[in-house]
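The values are calculated or read from the model by the stated rules, or taken from the named source; none is laboratory data. Note that the structure is predicted; figures quoted are calculated from it, not measured. Counting neighbours? That spans all protein chains shown, and the Cβs are built from the backbone with ideal geometry, glycine included.
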Amino acid sequence: MNFIKTTEQDSKYNHLEKMSVKELLTHINTEDKTVPLAVEKCLPQITLLTTNIVRNLKNGGRLFYIGAGTSGRLGILDASECPPTFGVPHDLVVAIIAGGDLAIRNAVEFAEDSKTQGWLDLQKYHVSEKDVVIGIAASGTTPYVIAALEKCNESNIITGCIACNKNSPLATVSQFPVEVVVGSEFVTGSSRMKAGTAQKLVLNMISTATMIQLGKVKGNKMVDMQLSNNKLVERGQKILSKELNIDTTQASSLLEKYGNVRNAIENHKR
């Protein structure tokens, strides 16, 4: 199969430095509009991957994201939001980035080029056959991610990926690849733009659909969210008021007594 790195193709826009702010923003927005359509074409791939994730997590497994640079940071963002949003343990969705925590804020030179460190980083979490590991790399060529997934395959661990080039080396080693082909970037090679947006959209879909399938949403409400600030406490009160047909004072008392929305609803109805 032919592999063309479309994320590195020359931008169809030129002389950007001569454009006005309005022109720049208009063209960026025009390109961004194409991303959801590219994601839509991948719905069958995303569905297949997510179905396997749900099955494994229901059987006691975990979900791992592994990536480098922007891709790794997007994985960290998605994983870190699962506990407060859905009330799940911090080790249910785990994100690993090449270069470790330092790489979240700073570029770590050549970290993504290691063909051994990715698997070593996964082993720190005692990754097993129960788990699912998703490699995230816009180019689909990151050695750190590819080599880690190869070792996962050898260990009978389900693998998937989110890449933005067709027939990439990463997709080749993934059992359930998701290939969102967004084409050239507005600034040539700047895959933090359309490719990054595509990866964020797919991660949102995977984690949200998975958590709903795990029973972490009731109706359309986040009944297991952590009440970690005033905004979320107020949201919890509103959910209770509507669900139980009570006033906010009663809702506040129930939240204080039972600790979260789900417990309050279940105990009040009981």
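Could you tell me which of the residues Thr172, Thr188, Thr249 is of a type in the set (Ser, Thr, Tyr) and under 30 Å from Leu25 (Cα atoms)?
Thr188
Name the single residue that is nearest to Thr141 (Cα to Cα) among those in region 89-107 being assigned to a loop (DSSP other than H, G, I, E, B) and in contact with a strand residue (DSSP E or B) (Cβ under 9 Å, 6 or more places away or on another chain).
Ala98
Find all pairs meeting these conditions: Cβ atoms under 9 angstrom apart; at least six residues apart or on different chains; first residue within region 81-99 and in the same structural domain as Pro143 (by TED's automatic domain parsing) and within 17 Å of Asn229 (Cβ to Cβ); second residue of a type in the set (Ser, Thr, Tyr) and surrounded by fewer than 21 Cβ atoms within 10 Å (Cβ to Cβ).
Partner pairs satisfying both residue conditions: Pro84/Ser228; Thr85/Thr208; Phe86/Thr208.
Which residues, counting only those in region 1-40, are in a loop (DSSP other than H, G, I, E, B), free of Cβ contacts under 8 Å to residues at least 60 places away in the same chain and loosely packed, with under 14 Cβ neighbours inside 10 Å?
Once the filter is applied, which keeps residues that are in a loop (DSSP other than H, G, I, E, B), free of Cβ contacts under 8 Å to residues at least 60 places away in the same chain and loosely packed, with under 14 Cβ neighbours inside 10 Å, region 1-40 yields Asn14, His15, Ser20, Lys33.
Is one or more of the residues making up region 65-74 surrounded by fewer than 17 Cβ atoms within 10 Å (Cβ to Cβ) and assigned by TED's automatic domain parsing to the domain that holds Val202?
No, region 65-74 contains no residue that is surrounded by fewer than 17 Cβ atoms within 10 Å (Cβ to Cβ) and assigned by TED's automatic domain parsing to the domain that holds Val202.
So for region 224-239 (the condition being over 17 Å from Pro84 (Cα atoms), at pLDDT 90 or above and either touching a Phe, Trp or Tyr at 6+ places or on another chain (Cβ under 7 Å) or among the aliphatic types (A, V, I, L, M) (or both)), does at least one residue qualify?
The answer is no, given that none of the residues of region 224-239 is over 17 Å from Pro84 (Cα atoms), at pLDDT 90 or above and either touching a Phe, Trp or Tyr at 6+ places or on another chain (Cβ under 7 Å) or among the aliphatic types (A, V, I, L, M) (or both).
Can you pull out every residue in region 174-221 that is without any contact (Cβ under 8 Å) to a residue 24 or more places away in the chain, within 13 Å of the chain's Cα centre (by Cα) and farther than 19 Å from Leu57 by Cα?
Residues satisfying the conditions do not exist here.
Every residue, every condition in (1) modelled with pLDDT of 95 or more; (2) β-branched (Val, Ile, Thr); (3) touching a His at 6+ places or on another chain (Cβ under 8 Å), yes or no:
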| position | (1), (2), (3) |
| --- | --- |
| Met1 | no, no, no |
| His15 | yes, no, no |
| Glu23 | yes, no, no |
| Asn29 | yes, no, no |
| Cys42 | yes, no, no |
| Thr47 | yes, yes, no |
| Asn52 | yes, no, no |
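For region 75-88, enumerate the residues that are within 19 Å of Val133 (Cα to Cα) and either in contact with a strand residue (DSSP E or B) (Cβ under 8 Å, 6 or more places away or on another chain) or in a helix (DSSP H, G or I) (or both).
Narrowing region 75-88 to residues within 19 Å of Val133 (Cα to Cα): 75-83, 88.
Residues satisfying the conditions are Gly75, Ile76, Leu77, Asp78, Ala79, Ser80, Glu81, Cys82, Pro83.
For region 242-251, indicate whether the set of residues that are in contact with a Leu (Cβ under 6 Å, 6 or more places away or on another chain) and not assigned by TED's automatic domain parsing to the domain that holds Asn52 is non-empty.
Yes.
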